[in-house]
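One structure is given below, encoded as structure tokens.
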Amino acid sequence: MPMLSDPSSKYLPYPSVPFAEGYTRQWPNKRTTTSPIWLSTDLRDGNQALVNPMSNTTKLELFRLLVKIGFKQIEVAYPAAGETEFQFVRDLIENDEVPDDVAIQIITPARPDLITKSIASLAGVKHGIIHLYNAVSPVFREVVFRNTKEQTIDLTINAVKLVKKLTEEETARSGARFTLNYCLETFSQTEPEFAVNLGNRVLAEWGKASPDAKVYFNLAATVECAPSNHYADMVEYFSNNINQRGSVLLSIHPHNDRGTGVAATELALLAGGDRVEGCLLGNGERTGNVDLITLALNLYSQGVSPGLDFSNLPEIVQVVCRCNESAVPVRYPYAGTLVFSAFAGTHQDAIKKGLDAQAARWEKVDITGEGKKYWAMPYIPIDPKDIGYGYENLIRVSSQSGKAGTAYVIKQTLQLDLPRRMQVSFYGVVQNECEKSGKEMSTALITNAFKQKYCLSSKPIGRLHLQSFDIVPLSPSSVTSSLESFESDGTSTPPEQGRDLIRFEGHISVDGRTRKIMGDGKGVHLALLDALRGDLDLEVDIGDSTKTVTYLEVNLPGSPTSKSGAGSVWGVGVSSDPTTSQCRAIISGINGLVGDKRFPRAKVVFTPRRDQSAQRSESWLRDFTFRAGHNVLHTPEHERSELIAASPI
Ligand SMILES: CC(=O)SCCNC(=O)CCNC(=O)[C@H](O)C(C)(C)COP(=O)(O)OP(=O)(O)OC[C@H]1O[C@@H](n2cnc3c(N)ncnc32)[C@H](O)[C@@H]1OP(=O)(O)O
Ligand SMILES: CC(C)C(=O)C(=O)O
């Protein structure tokens, strides 16, 4: 039949849930503030859907992982399926694999022979949950069992009677504790009144439900056939109408046929669900059971602890995929390898700004002790570090990226905070490469391109390579450049005559051949330019107003790394002469420190920061670090401060 034919003659819409006239649904106004009880059915519903069901060795590995994650209820087998399944339960019990606070659940259909065998597998268990199931919706009653409603009830009640008898015998023998988990298979496709009626008959037959020994009703969306709000309505109806609600626990068992298993579960929990059955990474029949990792981390990202430990999610994913012989799509919630990577330029820009803003906000909390370090990050709903990922892949660069992403990579790898206009310029280089290759630019490729472009290497990269140089003072040596005035806006042009004349003598290789160059000027850069002009016929004009600005951030030892500047003291030096600019910045910084009671006596680390926002024509210094020793700031007898230039970054 062609796809576009009228489906209304073929498919029936979901029926309404028979709430009383005027009834106001409760679930839409609720919030989930606590974690449900979790049951992992990886070893049963997950296992039965695998191409190659797990061996008992593999099941044991997964069982141990589930225990480690923190599951307190684990469905371990369908013991009546065969000897292997039966033996798995025996091994767990006999080898003392089950911690005292963990209950193991086994599943059995409502058939006497299979119930007997299933319960026998649990001999000696501490806490066993008997998951008894039969499908109760019209199609199953009519087609699979060929039963009326009354016959369905009889089948169920007889099974409950047998479970009660066998478990009581085992309790008398070994002291084992048992819980009945009665599953209305295909609950979400069953008439709500019939489901409640059946549930009440089960309760009456069990006869011993209490707030301390609740009967579980597993309300299965065996096949997800309707939107999530319908499942929530079904659960709320059952919750409102089942007897002895305080002695009953509602379990949610959703599948994901419509791709909304997670949403259905979240709404069903609002509607009265207390417990969730599902699998890690949503393994299971057809499109899978509901994914417990997504559910738990959705809760976590709302500030509700799920009580499950996914702090090393990559490792968990790896084990689960190996055990299930399956793979996770790269965009899978939380667990996909690309979930915490942005390629798009505007996303990257927002993330980069978000990280900086958050670092400042968190630092303020550290310093003031006020407020909370809450997570508020564009495009990233959960801190990747909380679940075992780093930030190193947050930004990946392709032809869809922009300058911010590229600058982020350079900051991460080379610790260089590029000035904005340089970001734009360098991004052109990267974009060109991306468009040429049509591929992602890896971190290594970007870093390499940066080094190539700006010749950042001790080995020759460009056509010109400076091998060595000397600065020879031509006029009497004195630091007279400090005579140059600096107005508050830093834009004044330095008087040339205020500085010493120096000679630049160097060796430069040009296309691999060494050439000697020499030039004079007031300041190193002018002398170098003179040498290039004279010896190599290279005319470069960097403008009269070219200045070097040196920023020094003096971090307070013991305070967190200062990104906002709140935990540090700053110095600034501006001059057309780089050396003078550095000297001024140091003196300026020290001035800010003297008498600052917050500052300890020794070891002051100076970290220069370059101005990113300036629109002036400037030359930019390479980063370098100074360390002041010998308590220079606080002991007047050390008048000759010892400022040691440490290695360049
Ligand atoms: C929704 C779920 O995921 S439920 C879990 C499903 N998991 C499995 O089926 C995995 C393990 N299953 C098995 O190993 C086998 O199916 C067994 C051992 C349980 C039964 O095997 P068999 O006796 O060969 O029966 P078969 O597999 O054909 O099952 C169908 C029979 O059980 C009946 N049946 C099916 N479900 C139930 C139930 N919940 N309660 C009672 N009877 C049931 C069917 O009506 C059918 O009976 P019929 O033969 O009289 O028509
Ligand atoms: C037996 C039940 C719990 C089941 O697996 C289902 O309905 O999907």
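FYI, it's all coordinate maths here, none of it is from the lab. On a predicted model such as this, the values are computed, not experimentally measured, just so you know. So basically every Cβ, Gly included, is an ideal-geometry build from the backbone, and we count neighbours across all protein chains shown.
For segment 161-257, trypsin sites (Lys or Arg not before Pro) meeting the loop criterion (DSSP other than H, G, I, E, B) and having at most 13 other Cβ atoms within 10 Å: Lys208.
With each label modelled as a point 7 angstrom along the Cα→C-beta vector, the Asp366-Glu285 pair spans 5.3 nm. Look at the Cα gyration tensor of segment 32-75: its axes a ≥ b ≥ c give a/c of at least 1.5 with a/b at or below b/c, and that counts as oblate. Diffusion of segment 7-62 by Stokes-Einstein, at 37 °C in a medium of 0.692 mPa s and with Rh set to the Kirkwood radius over alpha-carbon pairs, works out to 197 µm²/s. Straight-distance candidates among the lysines for linking to Lys10, with alpha-carbon spacing under 27 Å and chain neighbours fewer than 8 residues away dropped: Lys149. Pairs spanning more than 25 Å between alpha-carbon atoms, out of Lys352/Lys453; Lys439/Lys459; Lys30/Lys164; Lys364/Lys385; Lys68/Lys161; Lys30/Lys352: Lys439/Lys459; Lys30/Lys164; Lys68/Lys161; Lys30/Lys352. Note on segment 98-192: along the principal axes its Cα atoms extend 41, 22, 18 Å, ordered by decreasing extent. The residues packed around Tyr23, meaning those with a beta-carbon under 15 Å from its beta-carbon, carry a net charge of -3 if Lys and Arg are +1 and Asp and Glu are -1. The shape of segment 1-120 comes out prolate: with a ≥ b ≥ c from the C-alpha gyration tensor, a/c is at least 1.5 and a/b beats b/c. Compared with the rule-of-thumb size 2.2 N^0.38 Å for a compact globular protein, segment 36-324 has a Cα radius of gyration ratio of 0.94.
Which of the three applies to segment 299-407, rounded, prolate or oblate, going by the alpha-carbon gyration tensor with a ≥ b ≥ c and a/c under 1.5 meaning rounded? Oblate shape, in that a/c is at least 1.5 and b/c is the bigger or equal ratio.
Restriction of the trypsin sites (Lys or Arg not before Pro) in segment 319-359 to DSSP coil positions whose beta-carbon has at most 10 other beta-carbons within 10 angstrom yields Arg331. The share of alpha-carbon pairs in segment 345-453 lying farther apart than 23 Å comes to 33%.
The DSSP beta bridges internal to segment 165-253 are antiparallel in roughly 10% of cases.
For segment 110-155, the list of trypsin sites (Lys or Arg not before Pro) that fall in a loop by DSSP and count at most 14 other C-beta atoms within 10 angstrom reads Arg146. A straight Cα-to-Cα reach below 12 Å connects Lys214 with the aspartates and glutamates Asp274, residues fewer than 8 places away in its own chain not being considered. For the residue pairs Lys72/Lys126; Lys117/Lys208; Lys59/Lys117, alpha carbon separations beyond 18 Å are given by Lys117/Lys208; Lys59/Lys117.
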